[in-house]
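A short worksheet on the structure shown next.
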Amino acid sequence: MGWQIIRAWTVMVYAFMFLPVAVVVLLSFNANQFGSFPMTGVSLHWFQELWNNDAVMRAFRTSLVLGLMTAVISTTLGILASLALVRYNIPGRNAITTLLIAPILVPEVVLAVALLLFLNWLGIGKSFALLLAGHVIFTLPFVILVVQARLVSIKRDVEEAALSLGASPVQTFFSVTLPLMLPAVAAGALFAFTISFDDITGTLFWKPGGVETVPTQIFSMLRNSISPEINALGTVMIVMTVGLPLLGAAVARKLAMKGGT
């Protein structure tokens, strides 16, 4: 009886979490211009309107560029930091690790305000570079945690064998270490891209005037009216932020299985 209650409560919690998401996806295909129930038909009209909306497409391109740049920078820095912290006995290693993952522990709104005030104190105004830096600071800990977990499981003997056969440290990294780390690197890059693409709290503080990302564009559209285009845009966001991690997990698993064989 106790387990049945736990199962029922679990189902209710998940239903409470995901039913609103399902409603948004369902209403994005509603032919009715008011975007409400009952649905008058099934149509892709609002996705077409979304495609023809210059502001939305401009925000989508901005989010895409920002997410890709964040993923590249965070992944590169995460690999270098993980190698230094795992493979080398550097002074203050534990303190550096704590400092690098600290942004996860700090509420994002506090981190956003702190970075904005600090740069204002330095006389640096809002810019795309500030927005990119903020996203890198926020996503870097996720990459480090994922890559470190993989790097710890890679035996040092494999790298030492390559070095003993005449390979340079750079050759050893690109020929031995990086291929073994590749599943974690791919997962970390997708994490960074997804988090950056979906972020709104920090973006609202860091973005310069006239620059909108997809989340901030949705926020500005909601302040005016609830348009069916918002449901369509929300569906696109859901597909990207849910589909990409699932795709990344599948690719990482395939690469891990290939590496194991």
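The values are calculated or read from the model by the stated rules, or taken from the named source; none is laboratory data. Please read all numbers here as calculations on a predicted model, not as lab measurements. Please note: Cβ atoms are built from the backbone with ideal geometry, for glycine as well, and neighbour counts cover all protein chains shown. Note: accessible area is taken over every heavy atom of the protein model, side chains too, but ligands, DNA and RNA are not part of it. Shrake-Rupley method; radii C 1.70, N 1.55, O 1.52, S 1.80 Å.
Might you check whether a residue that is hydroxyl-bearing (Ser, Thr, Tyr), assigned by the TED database to the domain that holds Val251 and under 29 Å from Thr98 (Cβ atoms) occurs anywhere in the stretch 191-198? Yes.
Quick check: anything in the stretch 51-59 open to solvent by 50 Å² or more (accessible area, probe 1.4 Å), assigned by the TED database to the domain that holds Met237 and closer than 26 Å to Ala186 by Cβ? No: zero hits. Tell me yes or no: at least one residue of the stretch 4-11 is at pLDDT 80 or above, within 25 Å of the chain's Cα centre (by Cα) and among the β-branched types (Val, Ile, Thr). No, the conditions are met nowhere in the stretch 4-11. Of all residues in the stretch 82-103, those that are in the same structural domain as Leu145 (by the TED database) have Cβ atoms under 8 Å from Cβ atoms of residues that are assigned to a loop (DSSP other than H, G, I, E, B), 6 or more apart or on another chain, in Ala84/Ile90; Ile96/Ile90. Candidates are the residues of the stretch 109-145 that are of a type in the set (Val, Ile, Thr), under 22 Å from Gly67 (Cβ atoms) and over 13 Å from the mean Cα position of the chain (by Cα); the one that is least open to solvent (accessible area, probe 1.4 Å) is Ile144. Going through the stretch 126-180 one residue at a time, which ones are under 16 Å from Arg87 (Cα atoms) and of a type in the set (Val, Ile, Thr)? Within the stretch 126-180, Ile144, Val146, Val147, Val152, Ile154, Val158, Val170, Thr172, Val176, Thr177 meet the criteria. Pairing residues of the stretch 142-154 that are without any contact (Cβ under 8 Å) to a residue 12 or more places away in the chain and more than 15 Å from Arg93 (Cβ to Cβ) with residues that are open to solvent by 70 Å² or more (accessible area, probe 1.4 Å) and small (Gly, Ala, Ser), at Cβ distances under 7 Å and at least 6 apart in sequence or on separate chains, gives no pairs at all.
Residue-by-condition table, conditions (1) acidic (Asp, Glu); (2) over 19 Å from Val72 (Cβ atoms); (3) touching a residue at least 12 places away in the same chain (Cβ under 8 Å); (4) surrounded by fewer than 21 Cβ atoms within 10 Å (Cβ to Cβ):
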position: Leu182; (1), (2), (3), (4): no, no, yes, yes
position: Ala192; (1), (2), (3), (4): no, no, yes, no
position: Asp198; (1), (2), (3), (4): yes, no, yes, yes
position: Gly202; (1), (2), (3), (4): no, no, yes, no
position: Pro208; (1), (2), (3), (4): no, yes, yes, yes
position: Pro215; (1), (2), (3), (4): no, yes, yes, yes
position: Asn224; (1), (2), (3), (4): no, yes, no, yes
